[in-house]
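The values are calculated or read from the model by the stated rules, or taken from the named source; none is laboratory data. Here the structure is a predicted model, which means the values were calculated and not measured. Cβ sites come from the backbone with ideal geometry, for glycine too, and all protein chains shown count toward neighbours.
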Amino acid sequence: MGSVADRLYYDAAAGDVAALEFRAVITDVRLDSHAAGESGQKEQLWQVALDRTAFYPAGGGQPWDTGLLVATAKSGTVLEVVVERVEEDEAGEVWHYVRKPLPEGTEIVGRVDADRRMDLAQQHTGQHLLSAMFLRELGAATVSFHLGADSVTIDLAVEKVSEEELRRVEAAANHVIYEDRAMRPRWVEREEAEAMLSRGELRKLPERAGRMRIVEMEGVEFNACGGTHVESTGAIGGLLVRRVEKVKQGQRVEFCCGLRAVRAAGRDYARLRELGALLSVGAGDLAGRVAGLIEDKKANAKRIKSLEKELAQKGTGVSS
Ligand SMILES: [Zn+2]
C-alpha cells in the first residue's frame, strides 16, 4: 500500500453530480470482523482502499457517504458492490466497507449516493449557519452538535433561549439562505490559521499540525472543517427550528434544513389534520377544542366524585 487516497470530496461541490462519480483503482483489501451497528452482533465486512475517492468518511459529526463500487470484468460482466460504511483510520486511509471482496488492482467506478450526500451537506452547512447566527444574534456559542438520520441538534452554552430569540435567529439564518452566499473551502498553513484565530476570524482550531481546510461562508464566518458543504447558502434550501430543550451543558436546539424541513413540516401538518378530523375542527382551532375537552373531563371527574359521595351517604355501598 502506498500513499493514502486522494480526497475528491474536498474540492467538489455537493450539487455537482459529476464529482460524485469517479474512476479509481483498488489499492488494498482486507477482511474486517466488526461489531454491527444496532444489533451488536459480529459481522464480517471487506474493507477496500482506493487510490482516490469521492466517498466522505464519517468525521466532524457528519455521517459517511454510501453508494456503489462498480467493476467491469474483461468478459463484460458488471459487478456492483454496495458501500455500506466509510471510515478513515489513524493513518488517514479511507476504508470502504463492502460485503463482496474486489481484488487489489481492480479498476472501478465509484458512485456516491447523491441524495444522501445532498441531504447531509444541507444539514451540515445549515449547522454552520445556525451556529453562526446564534453567536451573532445572542452571543451563544455552540459547544457540540449531532447530525443523525432523523434529527440534527446543536447544544448552546446558554441558560435560556426565549421563543422570540429563537424566531429571530431562525429568520436571520433564512435571510442568509436567501442572500445565497458562497461557501469557499481552501487550504491554509497552520501559521495562517493561528493568525486568523488571533484576529478573531476563527473561533477554534483543531489540535493536529499541518495544513488545514478552512471553509468560508462569504461575509458570515470562517470555520476549520473537513466536511462536505453545499456550494452556496441558497442550496441549504431553508432552515426550520423545531424545538429547544434543556440539557446539562445548556440548551439543545433541534432543527432541519432543505427537503428534510419540507418533509418534517408535511408530517407535522398531516398529524394536525388527523387530530382535527378526530375532533371535527380545523388545525387552527385544535388547541381551543382540546382545552375545552380537558375542562369537560375535569368537570365530569368532579361530578362523578360528588355523585359517589352522595351514593355512599345513602348507604347503597358503592365499591370503588
Ligand atoms: Zn463544515
**OP:** Mind telling me which of the residues Gly148, Gly126, Gly139 ends up being under 23 Å from Val230 (Cβ atoms), surrounded by fewer than 13 Cβ atoms within 10 Å (Cβ to Cβ) and either touching a Gly at 6+ places or on another chain (Cβ under 6 Å) or assigned by TED's automatic domain parsing to the domain that holds Gly237 (or both)?
**Re:** Gly148
Original post:
Within region 223-232, can you find the residues that are buried (at least 19 other Cβ atoms within 10 Å of the Cβ) and either over 11 Å from Ile177 (Cβ atoms) or touching a His at 6+ places or on another chain (Cβ under 9 Å) (or both)?
Top reply: Asn223, Cys225, Gly227, Thr228, His229, Val230
Original post:
Say we look at region 1-46 and pick out the residues that are of a type in the set (A, V, I, L, M) and in a strand (DSSP E or B); which of these is modelled with the lowest pLDDT?
Top reply: Ala35
Original post:
Do you know which residues across region 223-277 are within 16 Å of the ligand (Cβ to nearest atom) and part of a strand (DSSP E or B)?
Top reply: Asn223, Ala224, Ser232, Leu239, Phe255, Cys257
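Residue-by-condition table, conditions (1) among the polar types (S, T, N, Q); (2) at positive phi:
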{"residue": "Glu165", "(1), (2)": "no, no"}
{"residue": "Asn174", "(1), (2)": "yes, no"}
{"residue": "Glu218", "(1), (2)": "no, no"}
{"residue": "Ser232", "(1), (2)": "yes, no"}
{"residue": "Ile236", "(1), (2)": "no, no"}
{"residue": "Gly250", "(1), (2)": "no, yes"}
**OP:** Taking the residues in region 47-92 that are hydroxyl-bearing (Ser, Thr, Tyr) and not in a loop (DSSP other than H, G, I, E, B) as candidates, determine which candidate is farthest from the ligand (Cβ to nearest atom).
**Re:** Thr72
**OP:** Report yes if some residue within region 88-96 is touching a residue at least 24 places away in the same chain (Cβ under 8 Å), outside the structural domain of Ala173 (by TED's automatic domain parsing) and of a type in the set (Phe, Trp, Tyr); otherwise report no.
**Re:** yes
**OP:** For residues that are without any contact (Cβ under 8 Å) to a residue 40 or more places away in the chain, closer than 21 Å to Ala173 by Cα and part of a loop (DSSP other than H, G, I, E, B), scanning just region 201-218, find the one that is nearest to the ligand (Cβ to nearest atom).
**Re:** Leu202
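This table checks each residue for (1) surrounded by fewer than 15 Cβ atoms within 10 Å (Cβ to Cβ); (2) in contact with a Gly (Cβ under 8 Å, 6 or more places away or on another chain).
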site	(1), (2)
Leu68	no, yes
Val81	no, no
Gly92	yes, no
Lys100	yes, no
Glu107	yes, no
Asp113	no, yes
Leu120	no, no
Subject >> Answer from Lys248, Lys314, Lys297 - the residue that is within 29 Å of Gly200 (Cα to Cα) and free of Cβ contacts under 8 Å to residues at least 12 places away in the same chain >> reply: Lys248
**OP:** Please indicate, with yes or no, whether at least one residue in region 121-135 is of a type outside the set (Val, Ile, Thr), within 11 Å of the ligand (Cβ to nearest atom) and more than 17 Å from Val176 (Cβ to Cβ).
**Re:** no
